[in-house]
Amino acid sequence: DAGITQSPRHKVTETGTPVTLRCHQTENHRYMYWYRQDPGHGLRLIHYSYGVKDTDKGEVSDGYSVSRSKTEDFLLTLESATSSQTSVYFCAISSTGDHGYTFGSGTRLTVV
Amino acid sequence: QQQVKQSPQSLIVQKGGISIINCAYENTAFDYFPWYQQFPGKGPALLIAIRPDVSEKKEGRFTISFNKSAKQFSLHIMDSQPGDSATYFCAAYGAGNNRKLIWGLGTSLAVNP
């Protein structure tokens with residue numbers, strides 16, 4: 001999607017290894033979000049950021065950490081990946097936090 | 001605790017028919033209600049949105065109907081087309097939610113040709 005890119009698009013990793021997903025935006029939006037999407041669970045918020053170095057937990061934050069050292073980059077880290085973290089991860093950005101979320105194309109993560 | 005309840009979970013409609021997806025919310029402080037459309041392999045994209053000061057908003061074949069007293073809102077897709085086959089999410093936003101959208105669980109729509 002224009003203005004927001006996620007990397008990698010696909011990743012397979014082993015249980016217990018650390019994994020970092022990257023979200024990069026060129027829109028200079030203040031708000032950034034990490035979601036995971038699983039069948040039957042919709043979109044669940046993991047962490048979000050409302051500015052550089054300002055982050056907060058979402059509803060499923062256990063096992064995840066985030067960092068935002070620059071406006072354009074929001075990193076999601078799985079400190080020690082588990083099979084339950086196999087999912088599709090989406091990053092979203094918003095200028096105001098309410099309307100007009102723009103989502104990235106997602107990262108499909110498989111933990112074996 | 002599901003603050004936005006969406007139904008049905010899945011929906012099959014014939015081409016040319018009307019698709020209706022319903023959402024109900026609990027928090028009266030919500031003041032913005034968007035719908036997102038997601039195609040397989042893609043992220044969700046904003047489709048249409050409404051604020052509670054109006055009862056209906058129409059954009060092309062897509063209409064949101066809003067019932068403030070019942071705390072319900074719905075998406076109607078008129079003349080449904082196979083290209084509308086996607087997952088649809090309703091959501092709600094209120095200033096008390098720390099700049100976060102509250103999401104429904106999604107509806108998988110299939111439009112048969």
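The values are calculated or read from the model by the stated rules, or taken from the named source; none is laboratory data. Bear in mind the structure is a predicted one, so any value in this text is a computation, not a measurement. Quick reminder, even Gly has a Cβ in these numbers, built from the backbone with ideal geometry, and neighbours come from all protein chains shown.
Just one of the listed residues (B:83, B:43) is at pLDDT 95 or above, of a type in the set (Gly, Ala, Ser) and surrounded by 13 or more Cβ atoms within 10 Å (Cβ to Cβ), and it is B:43. Within the range A:97-112, the residues that satisfy the criterion of being assigned to a loop (DSSP other than H, G, I, E, B), surrounded by fewer than 19 Cβ atoms within 10 Å (Cβ to Cβ) and not aliphatic (A, V, I, L, M) are A:99, A:100, A:105.
Answer yes or no: is there a residue in the range B:51-72 that is surrounded by 14 or more Cβ atoms within 10 Å (Cβ to Cβ), small (Gly, Ala, Ser) and closer than 23 Å to residue A:104 by Cβ. No, because not a single residue in the range B:51-72 is surrounded by 14 or more Cβ atoms within 10 Å (Cβ to Cβ), small (Gly, Ala, Ser) and closer than 23 Å to residue A:104 by Cβ. The single residue among A:69, A:7 that is without any contact (Cβ under 8 Å) to a residue 40 or more places away in the chain, farther than 22 Å from residue B:102 by Cα and surrounded by fewer than 16 Cβ atoms within 10 Å (Cβ to Cβ) turns out to be A:69. Condition check for residue A:80 on (1) polar (S, T, N, Q); (2) under 20 Å from residue A:24 (Cα atoms); (3) in contact (Cβ under 8 Å) with a residue 40 or more places away in the chain: one failure, at (2).
Looking across A:9, A:68, A:36, one residue alone is among the charged types (D, E, K, R) and more than 14 Å from every other protein chain (Cβ to nearest Cβ). It is A:68. Against the criterion of being under 20 Å from residue A:90 (Cβ atoms), in a loop (DSSP other than H, G, I, E, B) and either in contact with a helix residue (DSSP H, G or I) (Cβ under 9 Å, 6 or more places away or on another chain) or within 9 Å of another protein chain (Cβ to nearest Cβ) (or both), residue B:105 qualifies. Residues that are within 13 Å of chain A (Cβ to nearest Cβ), at least 3 per element: which strands (runs of 3 or more DSSP E) completely within the range B:24-66 meet that? So the answer is B:33-38, B:45-50.
Would you mind finding the one in A:94, A:49, A:87 that is closer than 22 Å to residue B:37 by Cβ, free of Cβ contacts under 8 Å to residues at least 60 places away in the same chain and surrounded by 18 or more Cβ atoms within 10 Å (Cβ to Cβ)? Just one listed residue meets the conditions, A:87. Criterion applied to A:36, A:44, A:108 was being without any contact (Cβ under 8 Å) to a residue 24 or more places away in the chain and under 30 Å from residue B:7 (Cα atoms), and the one residue passing it is A:44. Residues A:20, A:15, A:26, A:5: which one is at pLDDT 95 or above and closer than 13 Å to residue A:95 by Cα? One residue alone meets the criteria, A:26. Inclusion of residue A:17 among residues that are more than 12 Å from chain B (Cβ to nearest Cβ) and either within 21 Å of residue B:37 (Cα to Cα) or in a loop (DSSP other than H, G, I, E, B) (or both) is warranted.
Taking the range A:29-43 as the range and being basic (Lys, Arg) and modelled with pLDDT of 95 or more as the test, only A:36 passes. Across the range B:2-23, the qualifying residues are those that are part of a loop (DSSP other than H, G, I, E, B) and in contact with a strand residue (DSSP E or B) (Cβ under 7 Å, 6 or more places away or on another chain), and the one among them that is farthest from the other protein chains (Cβ to nearest Cβ) is B:15.
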